[in-house]
Amino acid sequence: MVEPPQLRAARQHLSQAEASYQSADGLFHLEEGLALLEELLASDEPAQRVIARNLAETYSTKIFRAVTRLVETDRGLPEPQLEHLFKVVLAFDEHGFQLPAEASLAKVRVVEHLVDRYYEGHTPEEKRKVLEELEKLSGRPRAGT
């Protein structure tokens, strides 16, 4: 099978996204790559659909793991960077791909850190209530609990 141009372009975009997911350029490449894969899912060629799903699974796993690792090891990430990471993890939701187990954890960890930033200066009780709501929504216990 000759690889269609869309598939080659998706690979290139996703490779660049993986390498630079922390930047606006990386997010652009992620969104472009995922959009191309989504188009391939509508292909009449079963092999192309399988490859598209496999690529989405591979890159989503890599990126979700990288995001989780980053937020768990760098407690001082600034709010704008956390907001960017949240956009990165949400990018996958817009395309209907099956997400890996790492997806939920990555999203929760990013939001927990955002709550830490957004609730600076609020009472511990206010912050605790928000984190408890997050825990209920995610079905996962908070980090450190």
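Between residues in the stretch 53-82 that are free of Cβ contacts under 8 Å to residues at least 40 places away in the same chain and within 24 Å of HIS95 (Cα to Cα) and residues that are assigned to a helix (DSSP H, G or I) and not acidic (Asp, Glu), which pairs lie under 7 Å by C-beta distance while being six or more apart or on different chains?
That search, which allows pairs on different chains as well, returns LEU82/VAL110; LEU82/HIS113; LEU82/LEU114; LEU82/ARG117.
Of the numbered conditions (1) β-branched (Val, Ile, Thr); (2) closer than 24 Å to GLU132 by Cα; (3) surrounded by fewer than 16 Cβ atoms within 10 Å (Cβ to Cβ); (4) within 12 Å of the chain's Cα centre (by Cα), VAL89 satisfies every one except a single condition; which is it?
(3)
For the stretch 130-145, name all the residues that are over 24 Å from SER60 (Cα atoms) and either of a type in the set (A, V, I, L, M, F, W, C) or modelled with pLDDT of 80 or more (or both).
If the condition is that a residue be over 24 Å from SER60 (Cα atoms) and either of a type in the set (A, V, I, L, M, F, W, C) or modelled with pLDDT of 80 or more (or both), then VAL130, LEU131 are the ones that fit.
Given the criterion in contact with a His (Cβ under 8 Å, 6 or more places away or on another chain), farther than 17 Å from ALA106 by Cβ and of a type in the set (A, V, I, L, M), identify the matching residue among ALA35, ALA17, ALA47, ALA52.
Result of the check over ALA35, ALA17, ALA47, ALA52: ALA35.
Scan ARG117, ARG65 and give me the residue that is under 25 Å from GLU135 (Cβ atoms), part of a helix (DSSP H, G or I) and modelled with pLDDT of 90 or more.
None of the others qualify; the one that does is ARG65.
Quick test for you: out of GLU126, GLU120, pick the one residue that is of a type in the set (D, E, K, R), exposed (fewer than 15 other Cβ atoms within 10 Å of the Cβ) and farther than 19 Å from ARG75 by Cα.
When all the criteria are applied, what remains is GLU126.
Among the numbered conditions (1) at pLDDT below 95; (2) closer than 29 Å to ALA24 by Cβ, tell me where TYR59 comes up short.
(1)
Has the stretch 99-111 got any residue that is out of contact with any helix residue (DSSP H, G or I) (no Cβ under 7 Å at 6 or more places or on another chain) and without any contact (Cβ under 8 Å) to a residue 40 or more places away in the chain?
yes
How many residues, within the stretch 45-72, are hydrophobic (A, V, I, L, M, F, W, C) and surrounded by fewer than 20 Cβ atoms within 10 Å (Cβ to Cβ)?
Summing the residues that are hydrophobic (A, V, I, L, M, F, W, C) and surrounded by fewer than 20 Cβ atoms within 10 Å (Cβ to Cβ) in the stretch 45-72 gives 4.
Given the conditions (1) farther than 24 Å from PRO5 by Cα; (2) at pLDDT 90 or above; (3) part of a helix (DSSP H, G or I), report the number of the one that LEU40 does not fulfil.
(1)
The values are calculated or read from the model by the stated rules, or taken from the named source; none is laboratory data. This structure is a prediction, so every number in the text was calculated from the model and none was measured. Cβ atoms come from the backbone with ideal geometry, glycine included; neighbour counts cover every protein chain shown.
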